[in-house]
1. Compute the separation of the alpha-carbon centres of region 90-116 and region 376-407 and state it in Å as a whole number.
2. Given a 1.4 Å probe, how much area per residue of region 121-185 is accessible, in Å²?
3. For region 166-220, what is the Kirkwood hydrodynamic radius in Å, using each pair of distinct C-alpha atoms?
4. Which cross-chain or sequence-distant (5 or more) residues have an amide H under 5 Å from the amide H of LEU39, H modelled 1.01 Å from N in plane?
5. What accessible area, in Å² to the nearest ten, does a 1.4 Å probe give for PHE191?
6. So for each of 405-411, 283-289, 118-124 I average, over its residues, the number of other beta carbons within 10 Å; can you give me the resulting order with the highest mean first?
Amino acid sequence: MGHLEESKVSHGPSDDDTSNSFDKALLEPPIDDSLHRGLKARQISMIALGGAVGTGLIIGSGTALRRGGPLGVHNPPDVKCVLFTSLSGLFLGYSFVGFVCYLVMVALGEMSAFLPHKKGFSGYATRFVDPALGFALGWNYLIKYLIVTPNNINAAGVVVQYWTQKVHIAVWMVIFILFIFVVNLLGVRVFGELEFWFSSIKVIALIGLLLMGIIIDLGGNPKHDRIGFRYWRAPNGPMGSYLKDQVHNGHLAIFLGFWATLTNALFAYIGTELVGVTVGEAENPRRNIPIAIRRTFFRILVFYVGGVFVIGLIVPSTDNSLFLATKSKAGAAASPFVVATILVGIKVLNHIINAAILIFVMSAANSDLYIGSRTLYGLAVEGKAPPIFKKVNRMGVPWPSLIVCTLFCGLVFLNVKSSSAKVFTWFVNLVSTAGALTWMCIAFCHIFSKDHPINMTISRFMKALRTHGLTREDLPYKAPFQPWGSWFALFATAIITLFKGFDTFLPFTVDTFITNDSRSYIIIPTFFALWLGYKLYYKTRLIPLGDVDLVTGKQQIDEEEEKFIAEQEALGPRSTLQKFWDSL
């Protein structure tokens, strides 16, 4: 794709000085004083996998199973009826949100492959929609990772306590925090390779768990009990009844059970979008980012949808060992995979699973700290955070940002005085809402059109390309199902988010609303306060299509890409082993 002439355009502020500050924010930082492009496609996809597959699948799916049941109709007469007439439940809930996740990912891939800058999501909002939206989105995403990192540290502590509670949990927290800090401080190449191997272990463990579940279900267990679809029949399933005592309606309770699985699934899938943050450190990003997005999504879809399907086969939704926020044991007994081994009398395997879960959550925490530090760095580069946070060391690590994000891991010490289950629930509510807002902003940046708000057949991103004389064929990656896919993802995510805290209204009390519901929704007014405050202070406005800047900073990205390609060609053809390694 040829170079476009560098240009600077006004982004809405009325005075020249403010306008120039927004123009400068679009420029890429100097190569010698910025992040290093050292991540390969295999590492990016594994980093995303490490950040996305963690507590949501391994622990949180137990809550979804208990509330929503394994699949989705009430008391079917036989298995065929289950398979062909089911309309809700754990399996379909995770499948539905998985499709929404895919639509968000491809929209992000289209933008990030075209302009793989080092500013993360907020850079696209600043460039394509409004600098105020970029400010709110960037800080919202940072808040999410300031929360989700201690969330996974807390989960790691819970997992260790499954073996022993003789060592105070705070000791484990300190060890885990120091570990992920040191790994992130070693530089992106070391971090990327370590995370690749951590996530590879995670992939092997997930495959093992899926095979274990199928073998247990088919009778390969100490009891020689062929379970089949037994747990998809009443009273265990295939559909759970949630809040039946409050709503006094069986059908409504079944629907609420399904809706509860959507909330859990949303939390589980959130994290896949972090591929959009890694573009700033990706080698040959226009080639590797689309590859990484495809690999990441399909791997996560297989593991999540396949995982919850297997869980629904081998664990009854009525089992009391499943993890619920108010009725759980401390430890990884909360994991439905561990529950499954106990139910069939397997004595040792539960400890192996517990060790795998520990790797899962530590890998997720490692990726989360990386993303948090890069998000703060991107905000600083855009001038939306103090300039000290854009400093990097000789290895390209934004060390001030890394230190601040590590300090926020201290939130995990709340666990010293609260039950693990309660802290985990607090974090789930906050993280899923912040992540959902990010998904909505990604879709919004891709589709919104100020000039023609009713014309939904062409995305704003595509209209901006046409305005600058470009066509869809000029894109290095073309997202499928667009623009309708982005519209669907926007509205589906918004509806799930809006009603995610429905159970705090049944029944509604002022105390319940203040102590429970605010945990689900407090991020939303915070987001709009950030957006409105920035907008009023800097007097920004929505960027007209003709003023959307598609070229500032692009020449430097093009030159980096051409330099990398030339270096690779100088090395000669890659061997079969190298090609296989790259395909992982």
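1. Computed from Cα coordinates, the inter-centre distance equals 28 Å.
2. On the way: 1800 Å² over 65 residues.
Ligands and nucleic acids excluded, the figure is 28 Å² per residue.
3. Working: mean 1/r = 0.0719 Å⁻¹.
Taking the inverse mean of 1/r over all distinct Cα pairs, region 166-220 comes out at 13.9 Å.
4. Here the answer is ALA282, GLU283, since their amide H atoms fall under 5 Å of that of LEU39.
5. That residue has around 0 Å² of solvent-accessible surface.
6. Working: 405-411: 19.0, 283-289: 22.0, 118-124: 27.1.
Listed from highest to lowest mean packing, they are 118-124, 283-289, 405-411.
The values are calculated or read from the model by the stated rules, or taken from the named source; none is laboratory data. Bear in mind the structure is a predicted one, so any value in this text is a computation, not a measurement. Note: ideal-geometry Cβ built from the backbone for every residue, glycine included; neighbour counts use all protein chains shown. Each accessible area value is taken on the protein alone, full model and side chains, heavy atoms only, with ligands, DNA and RNA left out. Shrake-Rupley method; radii C 1.70, N 1.55, O 1.52, S 1.80 Å.
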